[in-house]
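A short worksheet on the structure shown next.
Throughout, read-outs are computed from the coordinates displayed, never taken from laboratory work. Just so we're clear, the structure is a prediction, and the values are computed from it rather than from any experiment. Positions of Cβ are generated from backbone atoms using ideal geometry, with glycine treated the same way; all protein chains shown enter the neighbour counts.
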Amino acid sequence: MRRLLVGVPYVWLLVLFLVPFGIVLKISLSDIALAIPPYTPTLDLSGGWAGIREFFSQLDLENYVFLTSDDLYWKAYLSSLQIAVIATFLTLLAGFPIAYGMARAPEEWRPALLMLVILPFWTSFLIRVYAWIGILSTEGFLNQFLLWTGLISEPLTILNTNTAVYIGIVYTYLPFMILPIYATLERMDASLLEAAEDLGCSRIQAFWLVTLPLARPGVVAGCFLVFIPTLGEFVIPSLLGGSDTLMIGKVLWEEFFNNRDWPVASAVAIILLLILIVPIILFQRNQQLNREAEQ
C-alpha cells in the first residue's frame, strides 16, 4: 500500500511531465519541413540502438543556435523575466495585507472572506481578462470615473501598454498569492505575538520579527505560483498589451501557428522550461541544506 501511495505521484510526473517533455525535446532537435506535422524527426526509434547511435553521432543543436543568433528571442526572455518579477512583487504587495487581514479576522468571518477570494474562479479566465478591456480603454469605466471626479482632464492611455498587462496579471493571479500566505498565517500561534510584545517589542517589531519569518513559506509558495505561469503568459499580454509588450509566450505562439516552425518553437519552450526549473531546484537544495543545518 505504501509503495502504491508513493508511486502515484511518480506515475503522474512521468505521464504529464516527462513524456511531454521528451516529445517536445525530440521535436526541438528535428528539422523544419513542409509537411503535416511540419518537421522531420532526426531520431528514429524504430531503428533500435543503431538509430539512436546514428542520431547522437549526427546530433546538432541548430535550432538552439538559431535562438542565439536572433536578438528577438533573448529580448523576449529578458522582457518576460522583467514583467514576471515586477508583477510577482506587485501581487505580493497587494496579496500579503489581504491574507494578513483574513488571518486576523474573527474566525466566523474567515470562510466568507475565503469565498470572496475564490469567487473570481467561478467565471471564465478569458471573460475576466476581456472585462478589463472595457475598464481600461479610453472610453472605459476607469477613464469615465476619473473624468467625472475631475482628477484628469483627458482620458489616460492605459490599454495596450505594459501597465495594463501588470494590472491584468495582478488581478488574475492575486488569489494564488493570497491563499498560501493565508494558510500559513492562519496556522500561526497568536501567543507568539503576545510573548514578543511582553518582551518589549512593539506591534511593528513583532510583525517583522515573528509574523514575517513565519509567513515565509507561504510567501515563497505564492511567489512561485504567480511567477511561473506569468513568465509564459500569453492571453493577458495579447489582449491587454500593445506592440511594445514582448513576452516569450507570444513569441512561442507565433512560431507554432504563424511561422509553423515547430522545431524552433519547441527549442524556445525547452529553454523556457529550464529557466523555470533551475531556480526551483536551487531553492529546494537551499531549503534542504538549511533543514540539515538546523538538525
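Applying the set (1) within 22 Å of the chain's Cα centre (by Cα); (2) in a helix (DSSP H, G or I); (3) more than 23 Å from Leu92 (Cβ to Cβ) to Ala112 leaves exactly one unmet item: (1). Within region 236-295, being farther than 25 Å from Ala87 by Cα, out of contact with any Pro (no Cβ under 9 Å at 6 or more places or on another chain) and not in a helix (DSSP H, G or I) holds for Asn259, Gln295.
Is it true that Asn143 is without any contact (Cβ under 8 Å) to a residue 40 or more places away in the chain and buried (at least 18 other Cβ atoms within 10 Å of the Cβ)?
Numbers: without any contact (Cβ under 8 Å) to a residue 40 or more places away in the chain: yes; buried (at least 18 other Cβ atoms within 10 Å of the Cβ): yes.
Judged against the criteria, Asn143 is a match.
Taking each residue of region 250-263 that is within 14 Å of Tyr73 (Cα to Cα) and looking for partners that are aliphatic (A, V, I, L, M) and surrounded by fewer than 15 Cβ atoms within 10 Å (Cβ to Cβ) with beta-carbon atoms closer than 9 Å, six or more apart or interchain, yields Val251/Leu72. Residues that are aromatic (Phe, Trp, Tyr) and in contact (Cβ under 8 Å) with a residue 40 or more places away in the chain were ranked within region 209-236; the one that is farthest from Ala196 (Cα to Cα) is Phe227.
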